[in-house]
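Peer 1: Before anything else, here's the structure in question.
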Amino acid sequence: MTAEEATDRPPAILPDVSVIVPVYNTLRYLRPCLDSLLRQTIGTDRMEIVAVDDGSSDGSGRLLDRLAARHPGTLRVVHQPHSGGPAAPGNRGLDLATGRYVFFLGSDDRLGPEALERLVAAADRYGSDVVLGKVVGVNGRHVFSDVFAAGNAVDVSLFDSALPWSLANTKLFRRDLVDRLGLRFPEDMPVLSDQPFTLAACYHARRITALADYDYYHAVRRLDARNITYHSRVEQRLVSVERLFAFVDGLIPAGARRDAVLCRHVGLELANLVGDDFRRLDRAAQERVHATVRRLVERYVTDGLRNRLDIEARLRLGAVTAGGVDELLAVIDQDTERGVPATVVDAGRWHAGYPGAPAGWTDVTDVRADWLARLATVEVSWVDGHTVTVTARSPYPRFAAEAGPVRLMAGPVAGATRLDATDPTGRTVRTDFPVDRLLAVSAAGGRRHPVRAEVDGDRGRGGAPVRAPRLAAGRPRLLRHGARLYGVAATVDPRNGQLVLSVVPVTVGQLVGRLRRRLSRAARPAPVGVPPRLAPPVGTATERAGHHAEPGPAQVGRLTVTP
């Protein structure tokens, strides 16, 4: 039997569900992943696992073979040369799967013990072609979970729900639907290849069901993963985004239903291409990104779709269509270095006061509440180890009068927000986030809590991410919750500059490794002629605004804390 062949033959009795696990160099996480499958309450007689080793070089393939030998008839393994992405191993798994349903599981993720039993039961009970179970993030991994916010839903619409924001293929699919449509992952898409598959399945499904009553899928953030930069993957992203838009164009006729799906792709994949990391590209790459994004916006973004975008995506994409690379860079520099620009009122119209920006795309009159909710972080500080306080400011002079009640949210956690009494202009708010509450909602394995501002005043109800211009992440503060240690820190999402309160579990091995690195650096002699490193600046971003500095992030307030 060659390495290209399966390690055992399909069972004589067809299983209810085939779980397809593409594997590539995930040895550290692979055993917990497979253990979560082998312990499923549905029973090994009703399921099969098809693991496709995509040319792993870290021993993952050998582990798969050992486990397959222990679980014949349940775990099947295929080895193939590395394909460069998850599409090819996913397709190979589909070719081998024999179950009535198929489910896709990342080899660094895991399932709740009852996940498959509950998913299959729901699909059988409701006649659903697609069933998605609640996804939770582990180790601070971000997941879109709005589709589960209203609880269980027997019928979920692709066009009238948050489903387009949850298009990963980590769902239960009826095999008859997959075969009838001939669904496969496009292998010419280096990234995002699961989205055409999932979109087509949901578009043609007789019924889509969402289950929010159990933690079905645990999406794990790999703590040992290499940092794949925006620059190194930008060409892959450009190719994949263009093909994704072309796929949606061919799948869904133009109109409100297509706009409902494209709102996600425009507001996320397309807007991320011109996120804060755009500045790090060389000029040639910037020109290519700008040209691609402009072409897609002009072709697909209708007025109705534009009005559904959040205000930041709308302004960034507007900058692309209204000017060249330099105009876009001016907007990004304003957001990342100086914060929210002033509001310019002209003939009764409100405009975002970006430097040199054409008035046509800066008009925010119709979304004034969202514009008022745009705040810039001034300081992040700790109070007695029990509270994280975020101080944020608006540049709008009449903020207190027109914004109305203000609330800052860190993910699902509402902070206690009040006007800062030390600011006589009424443009600064301070919000206390209880650390115990952040830990409690993160205890399942850590979580990122993006900070968002909400207002409800004379200009209506609105919301926007709270940006953190020039914020550098400090060392996390170590806190105990139950029997575990967690690192709690304020960070910045590199894609959009949003302030994030992160809660990540910390292991003993990580603490020992960090201590060794510190001791190693302390023992290393300083180069001759190099002055000692200066301490980071202290004070608010506003207090330091008058000092000249090299471009890049600076320390904010008392963010750096020691364990």
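Peer 1: For the range 129-148, how many residues meet the condition of being touching a residue at least 60 places away in the same chain (Cβ under 8 Å), open to solvent by 40 Å² or more (accessible area, probe 1.4 Å) and farther than 17 Å from Phe103 by Cβ?
Peer 2: So the answer is 2.
Peer 1: I would also like to ask the following. Looking at the range 184-195, I want the residues that are of a type in the set (Phe, Trp, Tyr) and have a partner that is part of a helix (DSSP H, G or I) with Cβ atoms under 6 Å, at least 6 apart or on another chain. Which pairs are those?
Peer 2: Phe185/Ala87; Phe185/Gly90; Phe185/Asn91; Phe185/Phe197
Peer 1: Related question: Tell me the residue from Asp333, Asp370, Asp326 that is in a helix (DSSP H, G or I) and under 30 Å from Arg437 (Cα atoms), please.
Peer 2: Exactly one residue qualifies, and that residue is Asp370.
Peer 1: Checking the conditions here, which among Thr425, Thr431 is of a type in the set (S, T, N, Q), within 26 Å of Ile311 (Cβ to Cβ), at pLDDT 90 or above and not in a loop (DSSP other than H, G, I, E, B)?
Peer 2: On the way: Thr425 fails: not in a loop (DSSP other than H, G, I, E, B).
Within the list Thr425, Thr431, the selection yields Thr431.
Peer 1: Could you tell me how many of the residues in the range 52-86 are crowded, with 20+ Cβ neighbours inside 10 Å and basic (Lys, Arg)?
Peer 2: Qualifying residue count for the region: 1.
Peer 1: Moving on to the next point. Quick check: anything in the range 416-434 buried (at least 22 other Cβ atoms within 10 Å of the Cβ) and of a type in the set (Gly, Ala, Ser)?
Peer 2: Scanning the range 416-434, I find no residue that is buried (at least 22 other Cβ atoms within 10 Å of the Cβ) and of a type in the set (Gly, Ala, Ser), so the answer is no.
Peer 1: Just wondering, is there one or more residues in the range 41-51 that are open to solvent by less than 10 Å² (accessible area, probe 1.4 Å), at pLDDT 95 or above, hydroxyl-bearing (Ser, Thr, Tyr) and part of a loop (DSSP other than H, G, I, E, B)?
Peer 2: no
Peer 1: Do we find that Pro89 is within 21 Å of Leu63 (Cα to Cα) and either surrounded by fewer than 23 Cβ atoms within 10 Å (Cβ to Cβ) or of a type in the set (Val, Ile, Thr) (or both) in this structure?
Peer 2: Working: within 21 Å of Leu63 (Cα to Cα): yes; either surrounded by fewer than 23 Cβ atoms within 10 Å (Cβ to Cβ) or of a type in the set (Val, Ile, Thr) (or both): no.
Criteria not met by Pro89.
Peer 1: Inspect all residues belonging to the range 378-395 and state whether any of them is touching an Asp or Glu at 6+ places or on another chain (Cβ under 8 Å) and part of a loop (DSSP other than H, G, I, E, B).
Peer 2: There is at least one residue in the range 378-395 that is touching an Asp or Glu at 6+ places or on another chain (Cβ under 8 Å) and part of a loop (DSSP other than H, G, I, E, B).
Peer 1: While we're looking at this one, here's another question. Within the range 445-487, track down each residue that is hydrophobic (A, V, I, L, M, F, W, C), at pLDDT 80 or above and surrounded by fewer than 24 Cβ atoms within 10 Å (Cβ to Cβ). Lay out the reasoning, then the answer.
Peer 2: Taking the range 445-487 first, the residues hydrophobic (A, V, I, L, M, F, W, C) are 451, 453, 455, 464, 466, 468, 471-473, 478-479, 483, 485.
Applying the additional criterion that residues be at pLDDT 80 or above yields 451, 453, 455, 464, 466, 468, 478-479, 485.
Across the range 445-487, the qualifying residues are Ala464, Leu478, Leu479, Leu485.
Peer 1: Determine which single condition Val364 fails, assuming it passes every other condition in (1) under 29 Å from the mean Cα position of the chain (by Cα); (2) farther than 27 Å from Phe433 by Cβ; (3) open to solvent by 30 Å² or more (accessible area, probe 1.4 Å); (4) not charged (D, E, K, R).
Peer 2: The single condition Val364 does not satisfy is (3).
The values are calculated or read from the model by the stated rules, or taken from the named source; none is laboratory data. Keep in mind that what you see is a predicted model, and the values were worked out from it rather than measured. Cβ atoms come from the backbone with ideal geometry, glycine included; neighbour counts cover every protein chain shown. Accessible surface areas use protein heavy atoms only, side chains included; no ligands, DNA or RNA. Shrake-Rupley method; radii C 1.70, N 1.55, O 1.52, S 1.80 Å.
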